[in-house]
Amino acid sequence: MPHLSEPVVFESNMMRFRVNESVLIPSVLGVALQLESVRRALTRNAKHAINQSSINQGDVMGIELPKPPAALQASFAEQVQRLETLTTNLAAAAAKAGAMAAALSAEVFGHDEQ
């Protein structure tokens, strides 16, 4: 599942659904559900209460999602996986570089001069 573009709260009323993988690859679905057009459609159908909005399974099942050809979905899913791997590797490299810079700073500036 791709990284979510915003913080979310998972409440106790979870919704479970299965993906027909002959129609849509799950990782492609994860990205599709984050499209602004899909978010607008879900928001339009949401039931609003005090400080909370909710959607039901019918709302989700009624959303029209893009269904690209299988080969295009597979290519897209591979590219997303590559980008997620690259993001993870870059974050690890940045953390390592930060630790090295901190260690170097401690070495250079951390000793008292006599």
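The values are calculated or read from the model by the stated rules, or taken from the named source; none is laboratory data. These figures come from a predicted structure and were not determined experimentally. Note that each Cβ is placed from the backbone with ideal geometry, even for glycine, and that neighbours are counted across all protein chains shown. Note: areas computed on protein heavy atoms with side chains; ligands, DNA, RNA excluded. Shrake-Rupley method; radii C 1.70, N 1.55, O 1.52, S 1.80 Å.
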request  = Pop out the carbon and sulfur fraction of the accessible area of the chain as a percent, whole number, probe 1.4 Å.
outcome  = 60 percent
ask   = What does the accessible area per residue of the chain come to in Å², with a 1.4 Å probe and no ligands, DNA or RNA counted?
value = 82 Å²
ask   = Mind listing the phi-derived Karplus ³J(HN,Hα) values for the range 23-38, rounded to whole Hz, using 6.51, -1.76 and 1.60 with θ = phi - 60°, and x for any glycine or proline?
value = 9, 8, 6, x, 5, 5, 4, x, 6, 4, 5, 9, 5, 4, 5, 6
inquiry  = At 1.567 mPa s and 4 °C, plugging the Kirkwood radius over alpha-carbon pairs of the range 42-108 into Stokes-Einstein gives what diffusion coefficient in µm²/s?
reply    = 77 µm²/s
request  = Please determine, in degrees from 0 to 90 and to the nearest 10, the orientation of helix 70-109 with respect to the longest principal axis defined by the Cα atoms of the chain, where the helix direction is its Cα long axis.
outcome  = 20 degrees
ask   = Hey, with R₀ at 35 Å, roughly what FRET efficiency would A101 and Q34 work out to, going by the Cβ-Cβ distance, to 0.05?
value = 0.50
Measure of compaction for the range 69-114 (Cα Rg per 2.2 N^0.38 Å) = 2.14
inquiry  = From the alpha carbon gyration tensor of the chain, can you work out the equivalent ellipsoid semi-axes (sqrt of 5 times each eigenvalue) and give them in Å, largest to smallest?
reply    = 42, 22, 10
